[in-house]
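Structure, as structure tokens:
The values are calculated or read from the model by the stated rules, or taken from the named source; none is laboratory data. Please read all numbers here as calculations on a predicted model, not as lab measurements. So basically every Cβ, Gly included, is an ideal-geometry build from the backbone, and we count neighbours across all protein chains shown.
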Amino acid sequence: MRLFSIILLSAFVSFLDINAQGTDITAKQTNGQNNIIGLNIGNFAPELDFPDPNGDNIKLSSLKGSVVLIDFWASWCGPCRRENPNVVAAYKKYSNSKFKDAKGFKIYSVSLDKSKDAWKSAIKQDKLEWEEHVSDLKYWSSEGARIYGVRGIPYNFLLDSDGKIIAKNLKGIRLHQELDKLVKSL
């Protein structure tokens, strides 16, 4: 009886997990093709639209045409702060590169901070010199983290110029290796 209960509970949890994964996935029709918006490689990335440190909203879709790294991080996150020099190096190396099928490289930083001052201070301290920094200042209740299923940071998604996810969770040299595949010339 105990084994049957465990099997039944496992099936129920699997059913809930499948349904939960489908909540943010939609299909759109473009030129006769179905394009799935989701979180898997090959899916179009879900839209994000959050305020920058000045209170002006920045939409992820405004970066379409560029290769985009969506970078989830926070000022209070030690591993994030240790990864930031690598992200900065990638930005410096690739922001002026010529890409095969994109007009450039952008970083869309989504902070899971709850303090605006700490967030702005970390941007300055870590020399995160790109303009696309956003946060709803909701900590782990961040809407962006919920939409993207982020349960640990740092975490990122690499998008092609059409907004399709081409890689996830790139850290260290792996970020540079993935970007190298897309570059025509440095």
* Structure fact -> Going through the stretch 36-73 in order, the residues found to be surrounded by 14 or more Cβ atoms within 10 Å (Cβ to Cβ), assigned to a loop (DSSP other than H, G, I, E, B) and out of contact with any Asp or Glu (no Cβ under 8 Å at 6 or more places or on another chain) are 43, 45, 48, 53, 65, 66
* Structure fact -> Considering residues that are part of a strand (DSSP E or B) and closer than 15 Å to residue 100 by Cα, the number found within the stretch 164-186 is 4
* **Close pairs (6 angstrom Cβ cut-off, 6 or more residues apart or separate chains): part of a loop (DSSP other than H, G, I, E, B) in the stretch 150-163, modelled with pLDDT under 95 and of a type in the set (D, E, K, R) anywhere** => 161/101
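Hey, any hits in the stretch 123-134 for a residue that's in contact (Cβ under 8 Å) with a residue 60 or more places away in the chain, surrounded by 14 or more Cβ atoms within 10 Å (Cβ to Cβ), aliphatic (A, V, I, L, M) and over 18 Å from residue 62 (Cβ atoms)?
Yes, the stretch 123-134 contains a residue that is in contact (Cβ under 8 Å) with a residue 60 or more places away in the chain, surrounded by 14 or more Cβ atoms within 10 Å (Cβ to Cβ), aliphatic (A, V, I, L, M) and over 18 Å from residue 62 (Cβ atoms).
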* Structure fact -> The correct count of residues that are within 18 Å of residue 78 (Cα to Cα) and in a loop (DSSP other than H, G, I, E, B) in the stretch 111-134 is 7
* To do: Could you please give the count of residues in the stretch 90-101 that are under 16 Å from the mean Cα position of the chain (by Cα) and in contact (Cβ under 8 Å) with a residue 60 or more places away in the chain?
  => 1
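Considering each of 87, 110 in turn, give the residue that is buried (at least 21 other Cβ atoms within 10 Å of the Cβ) and more than 12 Å from the chain's Cα centre (by Cα). Working first, answer last.
Details: 110 fails: more than 12 Å from the chain's Cα centre (by Cα).
From the options 87, 110, the qualifying one is 87.
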* To do: Just need a number here: residues in the stretch 74-103 that are in a helix (DSSP H, G or I) and among the hydrophobic types (A, V, I, L, M, F, W, C).
  => 5
* **Residue that is nearest to residue 43 (Cα to Cα), among those in the stretch 137-159 that are of a type outside the set (Gly, Ala, Ser) and surrounded by fewer than 18 Cβ atoms within 10 Å (Cβ to Cβ)** => 147
* How many of the residues making up the stretch 164-179 are under 13 Å from the mean Cα position of the chain (by Cα) and surrounded by fewer than 20 Cβ atoms within 10 Å (Cβ to Cβ)? -> 6
